[in-house]
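Below is one structure, written out as structure tokens; the observations come after it.
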Amino acid sequence: MATQAIQRRPLPFNLGDFRPGRAAIAAALMALAVMPGGLGELTRGLMTDAYVQVSVFVAATLLIFYGAERLFRFDIGTALAGAKGWQVPLAALLGATPGCGGAVVVVAAYASGHVGFGAVVATLTATMGDAAFLLIATRPDAAAVVLPLSFAVGIVSGWVVDRVVRTEFRSTISTHTHTAPLIGRTRLRDYAYFALAAPGLYVGVMQLAQVEVASILGLPVTALALAGTALGLAIWAASPLAAMTNSSDTPVTRMAEETAFISVWVIGAYLAYDYAAAYAGLDLEAAFGAIAPLLPLIAILIGFIPGCGPQVLVCTLYINGLVPFAALIGNAISNDGDALFPAIALTPKAAIMATAYSAIPALIVAYGFMLLAPGFLN
């Protein structure tokens, strides 16, 4: 008699999936959350805030963006290649889109010879990276100024560079692109993350409307947020990706992976600020007040650091009233987020020069606000 193989449902995680370094960080963060006394209480409160104030909004935005891209079968790279005179504005628009995906697409298009250097400058100048999600969720009034202004500055910068700079920074035209590993299917963990994020989004929206929600579906908000946070940390710890997802993966998978990555930085920024204030006795307000004229310059220099973590920290400092709007806008214009990683890998000369060029409008705009409107949106 023929034997029939027993098919088992795949587990949410396999131990072999976890990356040791990330797993250690995730375990340490959750250990802090379950600590007794004031430390654990503070950590749980901060993780809850990070989840319902930022993570769920990031998840919703990414799901809408990637879902629309899949539904309408719209290939951004192909559209850029045929845009000709509209390349710079389109590149700036992609850069201004919250997150780093749009800027990565432009960088890859430049590496393959489909767009000009002005488009790279435009997208890297316009992008605020993952910090845009944090700003939109917590200070929408500031986001309504920063994102359109960065978009406009990106367009002008790209046009000026195309007019003035004649150097070709591609030594050879590369035909390869920065492609993330393909996951290939929507996993159980992705569905679970979505299932937790949906009610979390409801809580976040209610909080924005200043309506207190103690529980949802019989589950306390803190428990819901910690469950979502723990799952997100596990997804990040087991992820085969550096940050960005493969465009061929499903929208739900891409949402779960990228939200988990962004959330780690948000949690880190939240904890770093409050731990320093509560346990190190650090008076950041007084410290930054002593060097107030240098804060925009420092924020611009931080923007040169690849990745979104340092930029999320600058945004967190602004949200907590420790740095002025001038520093925030300077950092938003100068920072390139995660898009700088593929830019360095594919076209290092272009990456360095585009970052250097973005410092010029960043200095002009930042110190313009500091001198002409010092109290604007502070």
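The values are calculated or read from the model by the stated rules, or taken from the named source; none is laboratory data. Note that this is a predicted model, so its numbers are computed, not measured. Note that we place each Cβ from the backbone using ideal geometry, even for glycine, and neighbour counts take in every protein chain shown.
Computed quantities for the displayed model
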item: Residue list for region 244-271, restricted to those being at pLDDT below 85 and closer than 16 Å to GLY228 by Cα; result: ILE262, TRP265, VAL266
item: In region 301-323, residue nearest to the chain's Cα centre (by Cα) [restricted to those that are of a type in the set (S, T, N, Q) and surrounded by 22 or more Cβ atoms within 10 Å (Cβ to Cβ)]; result: GLN311
item: Given (1) within 18 Å of PHE57 (Cβ to Cβ); (2) touching a strand residue (DSSP E or B) at 6+ places or on another chain (Cβ under 8 Å), number of the condition THR229 does not satisfy; result: (2)
item: Scan of region 324-338 for residues that are under 20 Å from the mean Cα position of the chain (by Cα), in a helix (DSSP H, G or I) and at negative phi, ordered by number; result: PHE325, ALA327, LEU328, ILE329, GLY330, ASN331, ALA332, ILE333, SER334, ASP338
item: Any chance LEU188 is farther than 16 Å from VAL58 by Cα, touching a residue at least 60 places away in the same chain (Cβ under 8 Å), surrounded by fewer than 20 Cβ atoms within 10 Å (Cβ to Cβ) and of a type in the set (A, V, I, L, M, F, W, C); result: yes
item: Elements of type helices (runs of 4 or more DSSP H) contained in region 205-323, each with 2 or more residues being over 30 Å from PRO20 (Cβ atoms), touching a residue at least 40 places away in the same chain (Cβ under 8 Å) and not basic (Lys, Arg); result: 295-303, 309-319
item: Residue that is surrounded by the most Cβ atoms within 10 Å (Cβ to Cβ), among those in region 352-372 that are more than 20 Å from ILE155 (Cβ to Cβ) and in contact (Cβ under 8 Å) with a residue 40 or more places away in the chain; result: MET370
item: Residue check, TYR279 within 22 Å of VAL52 (Cα to Cα) and either surrounded by fewer than 23 Cβ atoms within 10 Å (Cβ to Cβ) or not acidic (Asp, Glu) (or both); result: no
item: All positions within region 151-164 that are small (Gly, Ala, Ser) and surrounded by fewer than 24 Cβ atoms within 10 Å (Cβ to Cβ); result: ALA152
item: Residue under evaluation ASN335, criteria (1) within 16 Å of GLY99 (Cα to Cα); (2) exposed (fewer than 14 other Cβ atoms within 10 Å of the Cβ), criterion not met; result: (2)
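So that you can scan it fast, the table gives a plain yes or no per residue for (1) within 27 Å of ARG166 (Cβ to Cβ); (2) modelled with pLDDT of 90 or more:
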site	(1), (2)
ASP274	no, no
ALA277	no, no
LEU284	no, no
ALA339	yes, no
TYR367	no, yes
PHE376	no, no
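Residue by residue, here is whether (1) in contact (Cβ under 8 Å) with a residue 40 or more places away in the chain; (2) basic (Lys, Arg); (3) out of contact with any His (no Cβ under 9 Å at 6 or more places or on another chain) holds:
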site: GLY37; (1), (2), (3): no, no, yes
site: GLY40; (1), (2), (3): no, no, yes
site: ALA60; (1), (2), (3): yes, no, yes
site: GLY85; (1), (2), (3): no, no, yes
site: SER112; (1), (2), (3): yes, no, no
site: LEU135; (1), (2), (3): yes, no, yes
